[in-house]
Amino acid sequence: MAVSDLIRLLNVNPVYRTRLVHMKATEPEPARYGLLDSPLSHSLDAYLEQNGIRLYSHQCEAINHARAGKNVILTTSTASGKTLAFNLPVFSQLEAHADSRALYLYPTKALSNDQLLTLEEMATFTGIAAKPAIYDGDTPQSKRSAIREHARIIISNPHELHQVLSWHAKWQPFFSNLEYIVIDEAHRYRGVFGSHIAFVIRRLLRICRYYGASPRFILSTATLANPCEFARHLTGQEFELVDNDGSPHGRKNFVLYNPFYDGISERSLHQETKDLLVSCVKEDLQTLCFTGSRKMAELVAVWARDDARRISEKLAESISVYRAGFLPEERRAIERQLKGGVMKGVVSTNALELGIDVGSLDAVIISGYPGTMMSTRQQAGRAGRKGGESLAVLVAQANPLDQYFMHHPDQFFDRSHEHAIIDTANPYIVSGHLLCAAAELPVNEETDRQFFGESLSGLLSELESDDLLRRTSRGWVYTGRGRAAEAVKLDGVPGETFRVMCHGRLLETLDRGQAYREAHKGAIMLHQGETFVVNEMDLETHTIRVTETDVDYYTQPLKEADLSIIGTLETRTVNGVRCAFGDVDVTEQYTGYKIKRGDTIIGLEPLSLPALTFRTKAFWFILPESTEQKVTGTGLDLAGGLHGAEHAIIALMPLHVICDRWDIGGLSSPAFGEDGEPAVFVYDAYEGGIGLAEKAFGILPDLFSSTYELVRDCPCESGCPSCIYSPKCGNDNQPLDKDATRLILKELSREPETNGSCSPCTSGREITVS
Amino acid sequence: MLIRKMSAVPAPSRVGSLWQQRMQAVREYEVVRDGNAFGAGFSHSFVYSSEYEEARRYLDTLLSRYRGMTIGEQFRGKEIVNDGGTCFSLESRQDLSPPAFDLDRFRTDLIEDLTLVHGIGPATRKKLIARGYHSIPDLLEHPLLRSPANRVLACLSEGDTAAIMDMIGNRHAKSHLSVLGTAGLHEPEDYVFVDIETLGLFSRPIILFGIGIIDNGQLVVRQFLLRDIVEEQAALTATLEHFSRDRPALVTFNGKSFDLPYITDRLAYYGMASPVRIPHFDVLHFSRRRWKDQFPSMRLAALEREILGVCRNDDIPGQMVPEFYETYQRTGNIGPLVPIVEHNRQDVISLALLFFHLLGESYGSQ
């Protein structure tokens, strides 16, 4: 049974054939090996030889750069041996210099544990005294002192680092000898979270500088459109890029599979995914199936097993679900079974994407576009044992993004990688870390400018006037009563934190916006795949009380919004349309919520929550009069058209800019402001803005044209979840007019007619206060 | 999303006020129902709700009583200047005659404690006594034990307090009575009693340093107060000066876990040198050993009540010092400083009295 057999099945079977939209094959690639500029030590060479490893070109490139004292960013694929590319220079350094230290940062415990094992094994074999140890929130108090003193490789995470920096005096031996900082899965540090981490790293470098150390970075990320820029924003330093993958791979087949090929489908995504999984497993292909949620993973696994049981019990048992919440022993057991060939099909959430050592498999099924090309490639990258043929299938959901790809396969395969955005100028983020830095060491306005940017002086004065800093002869000293590292939360821009409690146990924390949106009284909340109902939201104590529940409905909040423009920072004309970028004030108020079962609304309840006001960045455009007339002239609904355009633009924005659907919001109006102009706004859903609208403003032509293509090519009659329906619309997807939307988007994405009614192209900076 | 109505909505634009708001919500103690000592969990610091309410009311009273007054008007002290800058220094005195220390009895106790010698446990000790070895010098006759016995005697005769404390502490416990007894190797003038008040549990400024020293039959309490955080360095410098006497002996209450590491951390923060290591007597440890079966609480406030019969008026819980000081910072009203200074002063006095009580109990001349 081979991959080619399954592919033939997909092409021949009548059911599968209709859904198979497109298939693309890439030719096999042999390994390309590299040369090291200078040889490794005897013990490291022996280690490679013992494990039958010959270094690939990209590994050599990375090692050469690292040993030459450069910062390196590696963007080769998941199974390309990146771990070795950073472990070798680190071990090399540790062997040659008895005092040297290295810090490894991982985003999850599972990865930290895996890396610890690898490092311990390497240390044992080579005899190099690396003494690797994990130091994080779970490390017992009694062990911490010994680890700080003796461990030469410390594995930790950014959250722990954030706390630990104020104790740097105890870390002196480690920080003063720090030579390497390894950050794996660095692309996770983007957006608001990434911007926070960027400052945690700057605080770390500042402390290293104080102790006389200047460590170099080795970053490992998924493929990005802007790797060097990203690395520079994350760390403040310049990097060498290694992106040419020298590892070998067999023939890779990528299939685009659309269960909603005719617009609507009778069967759910779960069932379609399950069918594919069972077919793969029947053909004896080891298959990994990624789904969007834990609940879905469990459903698919259960149904697949049921189907497989009709053939044999053994086949049923070879299918399992893999959860991030599993204990390490359970995970190890599954991984072993996969490696041993006993386990044939594993269903997981995207957690498995995070490089856990399950090796490579024959086939990968991706159920629903995971949101970024980066994730898609990482997941698909799990398919393909050395030299063997492999298969990856993307099963589309019924939403605009997925459907867009199904109808435009070339857009999918030619898709350039996304940009990872980090904003190092957001004052709310900078100020918090400035307070932390001041609590660690007095801040020097001159020498610390490199870490905090041009806004440093302004922020220092402002924080002083609020009694949080004082200027002394040693520098700016922290004088706040609260502990800075506690007040500065890395998961979001400052706002109060709400605690979600179930029977007195803390489940998670949310900021005010999330709390209002997802955890209002009566809301159904999902946490780690389990369902809870919110019984109470106490605004005074910031506590949300939930209990477990087992209902089949879910809730969706209704939102009203206001917006006012504070200042325009940039304008441009795109295809004759006036577009702008600037500061806006947004007020959102949740007025009620819908109770839904599937797609049916079974109830509506009111809410009384205070309004949320924040200032952020947005881009917007004003519809030209000619377009407006075209719409109203043909009897179409202007408001519905703008509304649909807004939804579609927001739906496709992640195609161009890395963001989560909750990171952006939108507003449209047929008569905005004093002039009553038809306008659409898209804003960053974070106080101060986070660079998303800004990035989108820069690529508006692409954004408009891809949105137009989406709506134009959608086979539905008058709008559907695949084009202009938004799952998070607070107005209940009313009013929407597909024809109007299509017309508007068409005008936005094409050259204006030369009949004298177009305005001259302008692009420049202008500040207007309205 | 359609816009329903247009209105200009103000949004918070100042980052500072946002952080101040967050700070207000941060509290490093829990307020629990009266009597519910376990409410906060074992690792949390707690304040009874009645104490909390009373202290908050007291704060309001102070703010109105002291409105418009300056530090100079209320506090009897002066500004001092040193390498670190300026700060405010207060001084108070009271009579205190330390109990006479029976040095002979202490020395005898030590040399008759055979188990101080490495290799001798309780069983071996019994056998040795039965065979006529009654003191460590006797062991110099013993072929096997001569050498370790010599080490102990050499340590004792050299007289380095810290070394002796370590030796005894390794053989017994660090809170053993004999360890306390080594304090008697010092003159009363050598003792430096220290208690600090801070803006939080760590990584925030120390706002008040309380030092106690014995001078001519009196306990002198010197306090270095920060009128502004910029004065912290000067206060640190002034405090450190007390560590550099001839044969200093540091005495604290929980100073091993809190005061000394805290001071060391603040010195490192300003790039100042760490204090030289001096013998340190932590009265909390000795108190615990002595009284843990008798009293439920080992807090200084509890012990001073039970043992010394001290009753404080208009006092505030130590955990609330940060918010009182912060109120002073914010408003400039010196009222909140009054109980802070007094609380600290009484802490130093009780610390000294408790220390001498323990010492006198065991090694006071009869």
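Taken together, the values in this text are just the output of simple stated rules run on the coordinates, not laboratory data. Quantities reported herein were computed from a predicted structural model and do not represent experimental measurements. Please note: Cβ atoms are built from the backbone with ideal geometry, for glycine as well, and neighbour counts cover all protein chains shown.
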Expected vector for segment B:69-79, Karplus 3J(HN,Hα) from phi with 6.51, -1.76, 1.60 and θ = phi - 60°, integer Hz, x for Gly and Pro, equals 7, 9, 4, x, 5, 8, 9, 8, x, 8, 7
Could you tell me the largest-minus-smallest coordinate of the C-alpha atoms of segment A:544-600 on each of the three principal axes, in descending order and whole angstroms?
-> 52, 28, 17
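Other chains' Cβ within 10 Å of A:463-473 residues: what's the mean?
Details: counts 5, 1, 3, 10, 7, 5, 2, 7, 2, 9, 5.
Mean number of neighbouring Cβ atoms from other chains: 5.
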If you find the alpha carbon centre of segment B:238-252 and of segment B:296-366, how far apart are they in angstrom?
-> 20 Å
Straight distance only, please: which lysines reach the Cα of residue B:292 with their own Cα at less than 27 Å, same-chain residues fewer than 8 apart left out?
-> B:174, B:256
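Considering Cα pairs under 8 angstrom that are at least six residues apart, work out the relative contact order of chain A and quote it in whole percent.
Values: 1569 pairs, mean separation 87.3, N = 770.
In percent, rounded to a whole number, it is 11.
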Please state the Cα pair-distance histogram of the protein assembly as shown with 10 angstrom bins from zero: what percent is in each bin?
-> 2, 8, 15, 18, 18, 15, 11, 7, 4, 2, 0, 0, 0
Roughly how many whole Å is it from the C-alpha centroid of segment A:601-635 to that of segment A:405-445?
-> 28 Å
So how tilted is helix B:232-241 from the main axis of chain B? Cα-based, degrees 0 to 90, rounded to 10.
-> 20 degrees
Dividing the convex hull volume of the Cα atoms of chain B by its residue count, what figure in Å³ per residue is obtained?
-> 221 Å³
Between residue B:365 and residue B:187, what is the label-to-label distance in nm when each label sits 7 Å out along the Cα-to-Cβ direction?
-> 1.6 nm
State the extension gain, in nm to one decimal, for the chain segment bounded by residue A:625 and residue A:554, taking 0.36 nm per residue of separation less the distance between their alpha-carbons.
-> 21.4 nm
Hey, what D do you get for segment B:296-366 in µm²/s if you plug the Kirkwood alpha-carbon radius into Stokes-Einstein at 37 °C and 0.692 mPa s?
-> 239 µm²/s
CD proxy at 222 nm, helix term only [per DSSP H run n ≥ 4: -39500 (n - 2.57); per residue of chain B; nearest 500] | -12500 deg cm²/dmol
Give the Cα extents of segment A:137-271 along the principal axes, in whole Å, largest first.
-> 65, 35, 31
Could you work out the relative contact order of segment A:266-321, using alpha carbon pairs under 8 angstrom and six or more residues apart, expressed as a whole percent?
-> 34 percent
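Stokes-Einstein at 25 °C, 0.890 mPa s, Kirkwood radius from Cα pairs: D for segment A:29-90 in µm² s⁻¹? The partial results should precede the final answer.
Working: Rh = 12.0 Å.
Answer from the Stokes-Einstein relation: 205 µm²/s.
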Report, for chain A, the % of DSSP beta bridges that are antiparallel, rounded to 5.
-> 60 percent
Pairs of Cα atoms under 8 Å, at least six residues apart: use those to get the relative contact order of chain B, whole percent.
-> 21 percent
Calculated log₁₀ intensity ratio I(q)/I(0) where the Debye formula runs over C-alpha points of segment A:56-98, q = 0.22, 0.32 Å⁻¹ = -0.68, -1.20
Between B:324, B:258, B:356, find the one with the highest GNM mean-square fluctuation for chain B; connect C-alpha pairs within less than 10 Å.
-> B:258
Can you pick out the pairs among A:594/A:695; A:143/B:127; A:82/A:252; A:82/A:109 whose Cα atoms lie more than 29 Å from each other?
-> A:594/A:695; A:143/B:127
Tilt, helix B:15-25 to longest principal axis of chain B (alpha-carbon atoms), in degrees rounded to tens, equals 50 degrees
Cα axis of helix B:146-158 to longest principal axis of chain B: angle in degrees, 0 to 90, nearest 10?
-> 50 degrees
Counting sequence-distant residues (5 or more places) and residues on other chains, those with an amide H built under 5 Å from that of residue B:207 are B:197, B:198, B:199
For residue A:596, counting only lysines whose alpha-carbon sits under 18 Å away and dropping same-chain residues fewer than eight positions off, the answer is A:295, A:521, A:559, A:728
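Can you show me the helix-derived [θ] at 222 nm for chain A, built from DSSP H runs with n ≥ 4 at -39,500 (n - 2.57) apiece and divided by the number of residues, rounded to the nearest 500. Before the final figure, lay out each step's value.
Working: 28 runs with 288 residues, N = 770.
Helices in chain A give a 222 nm mean residue ellipticity of -11000 deg cm²/dmol.
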